[in-house]
Amino acid sequence: MADDILLCRVDDIPDPGSKGFEVDDLEGFLVRRGDTIRAYRDSCPHTGVPLAWAPGNYLDSDDALIQCAFHGALFVIETGECVHGPCVGRSLEPLPIRVEAGAILLDASSLDDIG
């Protein structure tokens with residue numbers, strides 16, 4: 001659709017793995033595990049800092065959970081819910097994506113609501 005922004009191809013993200021992106025003023029990241037691909041705003045719900053350990057690296061050492069580099073909070077890939085750390089019970093902010101023909105697309109019409 002005209003309101004979609006191509007973020008990357010599914011094959012551009014390791015399985016499991018993650019990849020950061022920036023669209024206008026929105027900084028976000030994608031996480032992939034098998035057929036599950038989710039997008040979240042790159043902002044910890046505890047302090048608002050970016051989560052990555054290094055560019056594109058958002059997962060813990062086991063590639064099982066999203067991990068905040070600042071204080072080690074752990075988040076479920078599929079839901080963004082914090083299950084360990086100072087923000088337990090809070091969640092990462094999901095971003096509206098869809099996968100079509102191997103492309104990961106962000107719904108640009110929602111950027112005003114997100115930004």
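Numerical summary
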{"quantity": "Normalised contact order of the chain, rounded percent, pairs of Cα under 8 Å and 6 or more residues apart", "calculated": "27 percent"}
{"quantity": "Stokes-Einstein D for the chain, Kirkwood Rh over Cα pairs, 25 °C, 0.890 mPa s (µm²/s)", "calculated": "175 µm²/s"}
{"quantity": "Inter-label distance, nm, simple model (7 Å from Cα along the C-beta direction), V49/D62", "calculated": "2.4 nm"}
{"quantity": "Gaussian network model of the chain, Cα within-10 Å springs - most flexible of A64, A52, A73", "calculated": "A64"}
{"quantity": "Computed magnitude of the charge dipole of the chain (debye, nearest 20; Cβ of K, R +1, Cβ of D, E -1)", "calculated": "360 debye"}
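None of the figures in this text is laboratory data; all of them are computed from the coordinates on show. Since the structure is predicted, the reported quantities are computational estimates derived from the model, not experimental observations. Cβ coordinates were reconstructed from backbone atoms using ideal geometry, including for glycine residues, and neighbour counts include every protein chain displayed.
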